[in-house]
């Protein structure tokens with residue numbers, strides 16, 4: 001009898017604990033589900049906010065300002081740098097010490113022309129592009145200094161072609177170029193609903209797909225290809241685009257059995273078929289109706 005009485009409080013206690021544990025479990029499950037819903041809601045809102053912000057601040061005035069203050073000085077520097085390095089590589093009567101000094105002067109001069117403080121705080125890609133240009137020019141200056149310490153002309157030329165500092169300088173320069181053309185693409189997507197805001201996954205671009213792409217998307221894709229392949233030449237993405245389009249329209253790409261843009265670009269680069277006036281040559285024929293910002297290299 002005593003045993004029966006003593007078991008009741010135990011059962012009540014166990015029952016109470018079970019209910020308490022169940023209540024806590026339900027409570028915390030509810031909290032987690034609620035938190036997940038709130039998190040998902042704000043992730044969605046945040047993503048929408050980021051997307052709107054990234055689109056809203058790529059104004060034509062920003063693209064023009066970047067061109068005149070950042071891209072154009074670097075563009076001129078690149079031409080002069082490539083010319084001087086080619087002279088060093090070819091040899092001849094030029095004094096190698098003078099050439100190396102000129103290279104350092106070129107890099108320092110271009111660096112002083114580019115604003116040191118950010119002028120694109122509202123445009124992340126342009127801000128990054130400005131920073132990458134400054135990094136590139138500083139590394140080019142250091143590469144010239146390093147080459148000056150090499151014992152022979154051949155070693156100096158090798159350092160400027162394949163050295164670690166020069167490679168880093170080229171990488172940042174091409175990354176800045178890609179930043180700029182990606183910014184143009186974002187600007188274009190606001191002006192024309194048929195233009196996407198990003199290149200997406202374009203590891204291989206079939207010729208048929210390429211032919212349907214708007215010019216700004218083609219240019220941004222080529223800028224990525226040049227970056228990935230470390231192609232640091234005087235021509236720019238729109239020049240490669242124009243040469244590729246003419247290759248396709250003329251039937252040459254078909255006769256050469258080219259299937260994609262990557263292989264066609266490799267062919268053009270390896271054969272030295274690209275120049276820095278290709279876009280101007282074909283602008284009226286292929287691009288008169290394209291949406292492009294008012295930048296000199298699209299209209300001159």
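Computed from the coordinates by the stated procedures, all read-outs in this text should not be read as laboratory data. None of the values given here were measured: they were computed from a predicted structure. In this analysis, Cβ positions are derived from the backbone assuming ideal geometry, glycine residues included, and neighbour counts consider all displayed protein chains.
Ordering 282, 187 by the number of other Cβ atoms within 10 Å of each residue's own Cβ, fewest first, gives 282, 187. Peptides 211-221, 114-124, 157-167 ranked from most to least packed, by the mean per-residue count of other Cβ atoms within 10 Å: 211-221, 157-167, 114-124.
Using Cα centres only, tell me the gap between the stretch 267-286 and the stretch 141-208 in whole Å. Cα centres, the stretch 267-286 to the stretch 141-208: 19 Å. Counting beta carbons within 10 Å around each of 70, 170 and listing the fewest first gives the order 170, 70. Using the Cβ-Cβ distance between residue 97 and residue 288 with R0 set to 45 Å, the FRET efficiency from 1/(1 + (r/R0)^6) comes to roughly 0.35. The label-point distance for residue 61 and residue 113, in a model that sets each label 7 Å from Cα toward Cβ, rounds to 2.5 nm.
Please check which bits of the stretch 283-300 a label hung off residue 192 would reach, taking the label as a point 7 Å along Cα-to-C-beta and the cut-off as backbone N under 13 Å. From the stretch 283-300, the list is 286-294.
Label-to-label distance for residue 162 and residue 87 is 2.5 nm, based on points extended 7 Å past Cα in the beta-carbon direction.
Sorted fewest first by neighbouring Cβ atoms within 10 angstrom, 283, 229 come out as 229, 283. Across the stretch 192-300, Cα pairs under 8 Å and at least six residues apart give a relative contact order of 32 percent. Let a ≥ b ≥ c be the square roots of the eigenvalues of the Cα gyration tensor of the stretch 192-300; is it rounded (a/c under 1.5), or, if not, prolate (a/b larger than b/c) or oblate? It comes out rounded by the Cα gyration axes.
An oblate overall shape is assigned to the stretch 118-265, the ratio a/c of its alpha-carbon gyration tensor axes (a ≥ b ≥ c) being 1.5 or greater and a/b not exceeding b/c.
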